[in-house]
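*Asks:* Pasting in a structure now, in structure tokens, and then I'll have a few things to ask.
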Amino acid sequence: MDDIKGPAAVGCVPIYYGEETEQAWYNYVKALTNHFKDRITHYEIWNEADIRSFWYPKTPNGAELAYLVHQTAKIIKDVQPDAKTGTCVSQLRNFKYIDKFLSSVKSEYLDFFAVHAYSTVPEMCFKEGIAFVKETLIKYNHTNTEVWQGEGGYPSWAYEGHHMIPKGCNDERPQAIWMLRRYFLDVSLGLKRSSYFQMADMWEKPYEKATEILKKPAAHGILNGITYTPKMSYDTITNLSAIFQTDVKPSRQYIQVRDIDNATSIDLVATQTFVYEKNNMPIFAYYLPSPIELHSPTRSSLIRIAYDLKKPVIIDPFTLEVFLLDPEDCDIQGNRVLFDYTLPIKDYPLILTEKDVFEIIEE
């Protein structure tokens, strides 16, 4: 392969380097599938093909990604018939690219379609982007394709000029808060999988892309690089694992934030609310999506729900503190039997639910 920027040719697309290189790719895929077929069930074909950092040397092209997926997935499924194959994109805002790919790819090779979610705040255009992906899958009859959040994260440290965090920011808390908001959002949208990038900071060796090599990339890990000691986000993802077990799913129950101390009308519009259910019991969540890097203070808010909680509790998924509420403290509003609670609101989700929904260990 000529004209590659790094020794591993990361992001250099084999279909652009002649028949010998393309065949070498297929030989590699066949050998890889034979090696892993008893351990691996899902294969994601290529990484972030919609950006130049990983689609080189030509301009990203949805139809040509579909060709690469077809040829590669066919080999995988020939070797391992029950294997699931799919691909991913980096930018949800690239509607034209996604439409072109989904109009070109065959459903038999697209068991899942993953989006990689990186933004300064996880809520930015995400609901709208996922809605577009789901509608476009239906449009082209990919009715059995699962939608994943296949990769996303926020660094606790980054080099100057990084696109996600302000200059000079070196703080573990924003990373943990970003993670909390990411997972509550992903679960609310019914995404089949939600992945966090990454386990440990990649500081042992340089990080290679198609067009550049970073000697010290941003610190996305839940473990520190070199020392492998846990960060705040390590405990946070542990807490999330306890909350979002397999029996937690989105619900159509009602929750509304009616008022927040010292808040503008824009704050109220921006406030995020989610409702899930577990064992037919509602789990309400809400927060004010302040900038991730700010340690925004806790405020008081008026929360309205349409469900009579008998033993209401507030659970803080960041600290895992649990606060028992007095059901007599809620105000009943009107004939619809709406229940108002005056509760704290933070820059990350708090949970309002019945005490018996989760196993709570009292100390």
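The values are calculated or read from the model by the stated rules, or taken from the named source; none is laboratory data. The structure presented is a predicted model; accordingly, all values stated were derived computationally and were not measured. We place every Cβ from the backbone using ideal geometry, glycine too, and count neighbours over all the protein chains shown.
*Asks:* Name the single residue that is surrounded by the fewest Cβ atoms within 10 Å (Cβ to Cβ) among those in segment 210-238 being polar (S, T, N, Q) and under 20 Å from the mean Cα position of the chain (by Cα).
*Replies:* Here is the first cut: in segment 210-238, the residues polar (S, T, N, Q) are 211, 224, 227, 229, 233, 236, 238.
Within this subset, residues satisfying the condition of being under 20 Å from the mean Cα position of the chain (by Cα) are 233, 236, 238.
On the way: S233: 26, T236: 26, T238: 12.
Applying the filter and picking the extreme gives T238.
*Asks:* Residues that are more than 18 Å from P317 (Cα to Cα), out of contact with any Pro (no Cβ under 8 Å at 6 or more places or on another chain) and assigned by TED's automatic domain parsing to the domain that holds R336: which strands (runs of 3 or more DSSP E) entirely in segment 227-302 hold 3 or more of them? Step through it out loud before you land on a result.
*Replies:* Details: elements: 255-260, 272-278, 281-287.
Filter on segment 227-302 gives 255-260.
*Asks:* Okay, next question. Six or more apart or on different chains, Cβ atoms under 6 Å: show the pairs whose first residue is in segment 104-127 and farther than 30 Å from K74 by Cα and whose second is among the basic types (K, R).
*Replies:* Listed by first residue and then by second, the contacts come to P122/R181; P122/R182.
*Asks:* What number of residues in segment 22-61 are farther than 27 Å from N94 by Cβ, of a type in the set (V, I, T) and either touching a Pro at 6+ places or on another chain (Cβ under 7 Å) or not in a loop (DSSP other than H, G, I, E, B) (or both)?
*Replies:* Residues of segment 22-61 that are farther than 27 Å from N94 by Cβ, as a first pass: 23-24, 26-28, 30-41.
Next, from what is left, pick out any that are of a type in the set (V, I, T): 33, 40-41.
Next, from what is left, pick out any that are either touching a Pro at 6+ places or on another chain (Cβ under 7 Å) or not in a loop (DSSP other than H, G, I, E, B) (or both): 33.
Number satisfying all stated conditions: 1.
*Asks:* Taking only pairs six or more apart or across chains, which ones have beta-carbon atoms under 9 Å, a first residue in segment 255-266 that is farther than 15 Å from P289 by Cβ, and a second residue that is in a helix (DSSP H, G or I)?
*Replies:* R258/L268; D259/L268
*Asks:* Considering only segment 192-210, I want to know if a residue exists there that is under 19 Å from Y287 (Cβ atoms) and part of a loop (DSSP other than H, G, I, E, B). Give the steps one after another, and end with the answer.
*Replies:* Just the residues of segment 192-210 that are under 19 Å from Y287 (Cβ atoms), to begin with: 194, 196.
Cutting the leftovers down to part of a loop (DSSP other than H, G, I, E, B) gives us 196.
Yes, that holds for at least one residue.
*Asks:* Mind checking which residues of segment 131-168 are surrounded by fewer than 16 Cβ atoms within 10 Å (Cβ to Cβ) and of a type in the set (D, E)?
*Replies:* Once the filter is applied, which keeps residues that are surrounded by fewer than 16 Cβ atoms within 10 Å (Cβ to Cβ) and of a type in the set (D, E), segment 131-168 yields E135, E160.
*Asks:* Continuing with this model, one more query. Just to confirm my filter: which strands (runs of 3 or more DSSP E) fall fully inside segment 307-363 and include at least 1 residues that are without any contact (Cβ under 8 Å) to a residue 12 or more places away in the chain and not assigned by TED's automatic domain parsing to the domain that holds N239? Please lay out each step first, then the result.
*Replies:* Working: elements: 312-315, 322-324, 331-333, 338-345, 350-354.
Per the criteria, 322-324, 331-333.
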